[in-house]
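Below is one structure, written out as structure tokens; the observations come after it.
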Amino acid sequence: MLQVDEIREIIEMVDKSSLTEFSYEANGAVIAMKKNTGSVTTTVQTQPQAAVEPQNQAIQEVDPAKSAQPEAKAEEASQAQADFDYEIVSPMVGTFYASSSPDGDPFVTKGSTVDTSTVVCIVEAMKLFNEIEAETNGEIVEVLVENGELVEYGQPLFRVKKK
């Protein structure tokens, strides 16, 4: 279950972003937020998993494109399983930046060689820019997020084939 401070941080980030709707589910708890005329409305539910499913179906009906994503991601994950040994994940909720400036080249791209201290991206959280290091030696085989995209804690950002 998320802590109150984590929920507040998520609310602030959604409020400052261009997102109009956000939902998160973990361990039977659901957080759903929807912006209405500049303000953020938040719903937090903690119910058994069976009771949560109707809520998820309602969200999928609102955006049918999102309902196809889990199937595509499952197929993608099974195909890419053999292609990588390690995933670099986001250590926090924030905005992903592939380079140090909007006009700059990305820190790494597919095929880039990294070592444990190579900076692979920046995650901005609460106006702090945090450099994320590879923490392993290898080659980037896949970049999983787009520049400027909102990322969650623990979300995979890169896939690496260790050397």
Mean Cβ neighbour count within 10 Å, used as a protection proxy, ranking 132-138, 105-111 highest first: 132-138, 105-111
Hz values of 3J(HN,Hα) by residue in segment 131-147 - Karplus curve (6.51, -1.76, 1.60), Gly and Pro given as x: 6, 9, 9, 5, 6, 7, 9, x, 10, 5, 9, 7, 9, 9, 10, 9, 4
Longest to shortest principal axis, alpha-carbon extents of segment 99-154, angstrom: 31, 24, 18
Residues with amide H under 5 Å from that of Y153, placed H, sequence gap 5 or more: V93
Probe 1.4 Å, protein heavy atoms only - accessible area per residue of segment 99-163 in square angstrom: 59
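The values are calculated or read from the model by the stated rules, or taken from the named source; none is laboratory data. Note that this is a predicted model, so its numbers are computed, not measured. Glycine also receives a Cβ, built like all others from the backbone with ideal geometry; neighbour counts cover every protein chain displayed. Side chains are part of the model used for accessible areas, which takes the heavy atoms of the whole protein and leaves out ligands, DNA and RNA. Shrake-Rupley method; radii C 1.70, N 1.55, O 1.52, S 1.80 Å.
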